[in-house]
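Notes for the one structure printed next.
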Amino acid sequence: MIGHSRDANELALSRARIYHLLGTAHIKPHDSGFLRLLGGWVAAQAGGQFQLPSEQMKQGLSMLHHFFESMGQDYSAKFEELVATEFTRLFRGVKPLYSPLPPYESVYREEAGRVFSQSTSEVREVYRRFGFDLAEGFGGEPPDHVSFELEFVGLLCGREAEAWRENDEDTACQYQLAERDFVTEHLLTWLPQLCGEIRRHDRLGLFHGIADLTEGWVIFDYSENLQGLSYFAAGTAAV
């Protein structure tokens, strides 16, 4: 049982880190520090010939590798400004046909495309139930921003990891169920459409690659780790 808890803890921590990275990539223009970190990670993955769990993620990494190679690992202010300008166009809903719709679940799911609608309230209520206020410090962004939804799943994974570390299998399984429900009821209902719009509008290749990584990861994580809770066989019966 201890060995099982240790393996489950490590998996949950790894998943938390990935969701956190993807959440960070969608919330604000990328500064040189983040770009350097991302570029270093891409280069390291390229050295291992893209050992990623899904074809879509491999495609995304290949796209990112090409982008950073074409920029010559240049992290100057000019490079940062170029990326920031494209981020604003892609994630701020500048204008129709020029930009994707803003990255809020309500905009993609509600018939009228309104922000702060029913799905927004549903997401906020889930956050509150688990004691999270993810929008604090981000200028009043709605709680159903794609970054917050990704970060929320990462935070649940982090709590799951803590439960495994304490050998509290029942609590860990409850967090697994919460992860599964949120991914199913929220992220998977609109993230693929958002990522498709980002790919269609991106002019640099950077955000196309991030979109592939994001969509590929969420679909893979759901099918491999959450659907049926297959990797928690010992704990599922206790839920």
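The values are calculated or read from the model by the stated rules, or taken from the named source; none is laboratory data. Just so you know, these numbers come straight off a predicted model, no measurement behind them. All Cβ positions, glycine included, derive from the backbone under ideal geometry; neighbour counts span all protein chains shown. The accessibility values were calculated without ligands, DNA or RNA, using every heavy atom of the protein model including side chains. Shrake-Rupley method; radii C 1.70, N 1.55, O 1.52, S 1.80 Å.
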Counting only heavy atoms of protein chains, what accessible area per residue, in Å², does the chain have with a probe of 1.4 Å?
47
Quick check: residue separation of Thr184 and Arg129 times 0.36 nm, minus the Cα distance between them. What number comes out in nm?
18.1 nm
Cβ-Cβ cut-off under 15 Å around Glu122, Lys and Arg +1, Asp and Glu -1: the net charge is -2
Quote to one decimal, in nm, the extra length available between Arg92 and Glu69 on full extension: 0.36 nm per residue of separation minus the C-alpha distance between them.
5.6 nm
Would you calculate a helix-derived [θ] at 222 nm for the chain, using -39,500 (n - 2.57) for each DSSP H run of n ≥ 4 and dividing by the full residue count, to the nearest 500?
-21000 deg cm²/dmol
Treat every Asp and Glu Cβ in segment 1-41 as -1 and every Lys and Arg Cβ as +1, leave all other atoms uncharged, and give the resulting dipole magnitude about the Cα centre to the nearest 20 debye.
80
Inter-probe distance in nm under a simple model that places probes 7 Å from Cα toward Cβ, at Glu122 and Trp41:
2.9
Whole-Hz ³J(HN,Hα) for each residue in segment 214-220, computed from phi via Karplus 6.51 cos²θ - 1.76 cosθ + 1.60 with θ = phi - 60°, x for glycine and proline: what do you get?
5, 4, x, 5, 4, 5, 5
Measure off, as a whole percent, the carbon and sulfur share of the 1.4 Å-probe accessible area of the chain, all protein chains present.
51
Tensor-based shape of segment 74-129 (alpha-carbon gyration tensor, a/c under 1.5 rounded, otherwise prolate or oblate)
oblate
Can you pull the one-decimal nm distance between simple spin-label points at Ser32 and Glu111, each 7 Å off the Cα toward Cβ?
5.1
Extension reserve of the His4-Asp170 stretch, reckoned as 0.36 nm per residue once the Cα distance is removed:
58.4 nm
Taking a quarter of the surface of the Cα convex hull of the chain, what do you get in nm²?
13.4
